[in-house]
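> Starting off with a structure, shown below.
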Amino acid sequence: MKKVLNLYLSEPDTSELVFPEPKKIAKGRSIIEIHVDPNVAFALQLRQIRQKRKLTQKGMMSLLQILHLSNYQRLENPKKSNPELKTLAELVSKLPELNMAKVFG
């Protein structure tokens, strides 16, 4: 299940597909918790924040003061996203809605 979920959430960084946030489940229903790979969770959350702010990748790059579009695109790509702690700290300071607890489950 974990592999399937990670694959499903690993949409290309150019995708405009918006994944819905998990809903609260009614009592009595069985739930299986599956932790998503941190790279996938981070890239997905960053894309969701960008889409909620109605920004293009270039707009987000400008907001975050990233010099090259390819550097920003790498952050949204689960297969290439592996930001340094310094970069994560800068992103969290500029994007207060970025929740690292969600990334690391």
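The values are calculated or read from the model by the stated rules, or taken from the named source; none is laboratory data. Note that this is a predicted model, so its numbers are computed, not measured. All Cβ positions, even for glycine, are placed from backbone atoms using ideal geometry, and neighbour counts span all protein chains on display.
> Out of GLU90, GLU97, report the one residue that is without any contact (Cβ under 8 Å) to a residue 60 or more places away in the chain and over 22 Å from LEU9 (Cα atoms).
Numbers: GLU97 fails: over 22 Å from LEU9 (Cα atoms).
Checking each option against the conditions leaves just GLU90.
> Quick check on segment 76-95. Is at least one of its residues modelled with pLDDT of 90 or more, over 15 Å from the mean Cα position of the chain (by Cα) and among the β-branched types (Val, Ile, Thr)?
No, because not a single residue in segment 76-95 is modelled with pLDDT of 90 or more, over 15 Å from the mean Cα position of the chain (by Cα) and among the β-branched types (Val, Ile, Thr).
> Then there is this: Of the numbered conditions (1) touching a residue at least 40 places away in the same chain (Cβ under 8 Å); (2) farther than 22 Å from LEU7 by Cα, ASN82 satisfies every one except a single condition; which is it?
The number of the failed condition is (2).
> Then there is this: Is it the case that VAL4 is part of a loop (DSSP other than H, G, I, E, B), modelled with pLDDT under 85 and loosely packed, with under 13 Cβ neighbours inside 10 Å? Lay out the reasoning, then the answer.
Working: part of a loop (DSSP other than H, G, I, E, B): no; modelled with pLDDT under 85: yes; loosely packed, with under 13 Cβ neighbours inside 10 Å: yes.
For VAL4, the condition - part of a loop (DSSP other than H, G, I, E, B), modelled with pLDDT under 85 and loosely packed, with under 13 Cβ neighbours inside 10 Å - is not met.
> With respect to LEU17, is the statement that it is of a type in the set (A, V, I, L, M), out of contact with any Pro (no Cβ under 6 Å at 6 or more places or on another chain), closer than 26 Å to LEU91 by Cα and at pLDDT 70 or above true?
Numbers: of a type in the set (A, V, I, L, M): yes; out of contact with any Pro (no Cβ under 6 Å at 6 or more places or on another chain): yes; closer than 26 Å to LEU91 by Cα: yes; at pLDDT 70 or above: no.
For LEU17, the condition - of a type in the set (A, V, I, L, M), out of contact with any Pro (no Cβ under 6 Å at 6 or more places or on another chain), closer than 26 Å to LEU91 by Cα and at pLDDT 70 or above - is not met.
> Go through segment 46-63 and give me each residue that's closer than 15 Å to LEU98 by Cα and buried (at least 20 other Cβ atoms within 10 Å of the Cβ). First the steps, then the outcome.
The initial filter retains those residues of segment 46-63 that are closer than 15 Å to LEU98 by Cα, namely 46-53, 60, 63.
Passing the criteria: LEU46, ARG47, ARG50, MET60.
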